[in-house]
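Trainee: Below is the structure I would like to discuss, written out as structure tokens.
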Amino acid sequence: MTEQANPFLNADLLSLPRPALKALFQAAGEPGFRSEQLFRWLHVRLERDWARMTDLPAGLRTKLQAARTLAVLTPTLERVSALDASQKIVLNTDDGHAIETVIMPMESGHVTQCLSSQVGCKMGCDFCATARLPVRQNLSAGQIVEQVAYACRVGFALGLRRGGVAGGEEGPLSARPHNLVFMGMGEPLDNLQALIDALDILCDPKGFDFSPRRITVSTSGVAKNVAKLAAAHPNVNLAWSLTATTDDVRDRLMPVNRGVPIRKMVDVLLELPQNAHRKITFEYALLKGVNDTEDDARRLASMARELNAHVNAIPFNAWPGADYQRPERVVIQRFVDVARRAGASITLRESKGQDIGAACGQLAGEKPV
Ligand code: SF4
């Protein structure tokens, strides 16, 4: 087949939300219902083998197959925590980069999956293992979605069934995680269009059918894209990785703060349209002697009250080469108590998988075994 004859050439089919896939099919002279069939194969049945998509005409399948390869993620390293059964997986993209995803059984009985949005991260947070990785590159929407498909297949192979699937179809999607958090490698709002497209696919009732209220996007503070995300997906929860209560300290920890200081980001969050469904949380990594004072706790509580935000205080989990340490237990508890007395809704959370390289980006920097 010549390149000119194939209208699907170079189309990244796995990255296209349903309306965009339909538009592509129509532009190619194919009936719209064929795109619906393909979307179902890709994002409900999670099929990646063209030969199995038997209700698509063979000629169409040949053309689709000759288009760009579907995003494939190959597991190269897997570790399961003996402490909390969380599972960290390094996945290689088809262009040879390593990303991480984590599947975490929670105390509630639900399963949360942590997703990566980029290879490495250019935000340069001083306490973050991902920031030290040399390669930095956006993931496609298809590569984001494929992490979820991978978790579904793993759960299905283990015989797990976590809920019904649109159309009543039994298959790997019935083993999907309950919650998704974009807290893995990368700054999701630095890869906005792929994030929005991935959310379109994940929340599509004819696709993965996730409730947006079960998805949380975490940002270090890319203020210019907060409103754009909220406009595209108003019910997706937002987490702000705050981690310091003064600009002085935050400027040092998180370079993004030099362009978007704390007050500016608070104002951006305050300006979001009111939405009773969207939850805002602060993620606060507790670093010994850096951000763990009682004054920090009171300032944190004050900001949380202003934004009606819940605080997750997460004692730092030191990784090899990190310049920071976890505070003493008594300091951690005092911090939480002071913040709570000052009116914060706050939960002390431990990083999952502390025995298997809990820091995001830590495993991806290791060599496969
Ligand atoms: S903490 Fe998040 S935003 Fe900061 S460098 Fe790491 S991955 Fe990027």
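Trainee: Between Ala23 and Leu160, what is the FRET efficiency for a Förster distance of 41 Å, r being their Cβ-Cβ separation, to the nearest 0.05?
Mentor: Computed FRET efficiency for Ala23 and Leu160 comes out at 0.70.
Trainee: Another one. With 10 angstrom as the radius, rank His310, His97 by how many other C-beta atoms surround their C-beta, starting from the fewest.
Mentor: On the way: His310 16, His97 19.
So the ranking, lowest neighbour count to highest, is His310, His97.
Trainee: Hey, another quick one. Going by how many other beta carbons lie within 10 Å of each one, how would you line up Thr347, Thr243, fewest first? List each step's numbers first, then the result.
Mentor: Details: Thr347 13, Thr243 27.
Least to most surrounded, the residues fall as Thr347, Thr243.
Trainee: Same structure again: Rounded to the nearest 0.05, what FRET efficiency is calculated for Arg213 and Ser302 with R0 set to 25 Å and r the Cβ-Cβ distance?
Mentor: On the way: r = 27 Å, r/R0 = 1.07.
Working from the Cβ atoms, E equals 0.40.
Trainee: Can I ask one more? Residues in region 298-336 near a label at Arg263, defined as backbone nitrogen under 17 Å from the 7 Å Cα→Cβ point?
Mentor: 299-300, 302-304, 306-307
Trainee: What's the local net charge at Thr93, with K and R +1, D and E -1, over the other residues with C-beta under 15 Å away?
Mentor: Working: positive: Arg48, Arg68, Arg136; negative: Asp12, Asp94, Asp95, Glu100, Glu146.
The answer is -2.
Trainee: Sticking with this structure for a sec: Give me the net charge of His277's neighbourhood, meaning all other residues with Cβ under 14 Å from the Cβ of His277; Lys, Arg count +1, Asp, Glu -1.
Mentor: Neighbour charge sum, excluding His277 itself: +4.
Trainee: Can you list the residues, at least 5 places off or on another chain, whose amide H is less than 5 Å from the amide H of Ala239, using H built in the peptide plane?
Mentor: Excluding prolines and chain starts, which carry no amide H, the hits are Val217, Ser218, Thr219, Thr281.
Trainee: Let me ask you something else. Please compute the length gained on full extension between Arg252 and Asp295, using 0.36 nm multiplied by the number of residues separating them and subtracting their Cα-Cα distance.
Mentor: This chain segment gains 13.7 nm when fully extended.
Trainee: Report the Cys residues of the chain lacking a disulfide-compatible partner, meaning no second Cys Cβ under 4.7 Å from their Cβ.
Mentor: Cys114, Cys121, Cys152, Cys203, Cys360
Trainee: Taking the Cα-to-Cβ direction at Glu36 and at His310 and moving 7 Å from each Cα, how far apart do the two end points lie in nm?
Mentor: Each label point lies 7 Å from its Cα, and together they span 3.7 nm.
Trainee: Still on this structure: Which whole-number percent is the relative contact order of the chain (Cα, under 8 Å, 6+ apart)? The partial results should precede the final answer.
Mentor: Numbers: 717 pairs, mean separation 56.8, N = 369.
Relative contact order, the chain: 15 percent.
Trainee: Ala227: net charge of surrounding residues, Cβ under 15 Å, Lys/Arg +1, Asp/Glu -1, itself excluded? Numbers along the way, then the final one.
Mentor: Working: positive: Lys224, Lys228, Lys264, Arg278; negative: Asp267, Glu271.
Local charge sum for Ala227: +2.
Trainee: Report relative contact order for region 169-321 in percent, whole number only (criteria: Cα-Cα under 8 Å, sequence separation at least 6).
Mentor: Once normalised by length, the contact order is 20 percent.
Trainee: Check which residues have an amide H placed less than 5 Å from Leu139's amide H, if you skip close sequence neighbours.
Mentor: Gln118, Val119
Trainee: Got a sec to turn the phi values of region 339-351 into Karplus ³J(HN,Hα) couplings, 6.51 cos²θ - 1.76 cosθ + 1.60 with θ = phi - 60°, whole Hz, x for Gly and Pro?
Mentor: Each residue's phi maps through the Karplus curve to give 4, 5, 5, 7, x, 7, 7, 9, 10, 8, 10, 9, 4 Hz.
Trainee: Between Arg153 and Glu271, what is the label-point separation in nm under the 7 Å Cα-to-beta-carbon projection?
Mentor: 4.4
Trainee: What is the order of Asp292, Asp94, Asp209, fewest Cβ neighbours within 10 Å to most?
Mentor: Asp94, Asp209, Asp292
Trainee: What residues of region 235-278 lie in the reach of a label at Met106, counting those whose backbone N is under 15 Å from a point 7 Å from the Cα along Cα→Cβ?
Mentor: Those under the cut-off are 236-239, 278.
Trainee: Residues with amide H under 5 Å of Arg176's amide H, sequence separation 5 or more or different chain, H placed in the peptide plane at 1.01 Å from N; which?
Mentor: Arg162
Trainee: With label points built 7 Å along Cα→Cβ from the Cα atoms of Ala227 and Val72, find their separation and express it in nm.
Mentor: Placing both labels 7 Å beyond Cα along the Cβ direction yields 4.4 nm.
Trainee: Another one. Show me, for region 38-46, the HN-Hα J-couplings you get by feeding each phi into the Karplus relation (A = 6.51, B = -1.76, C = 1.60, θ = phi - 60°), rounded to Hz, glycine and proline as x.
Mentor: 5, 4, 5, 4, 6, 10, 10, 7, 6
Every read-out reported here was derived from the displayed coordinates using simple, explicitly stated rules and does not represent laboratory data. Note that the structure is a prediction, hence the values are computed from the model and not measured. Backbone-built Cβ (ideal geometry, glycine too); neighbour counts: all protein chains shown.
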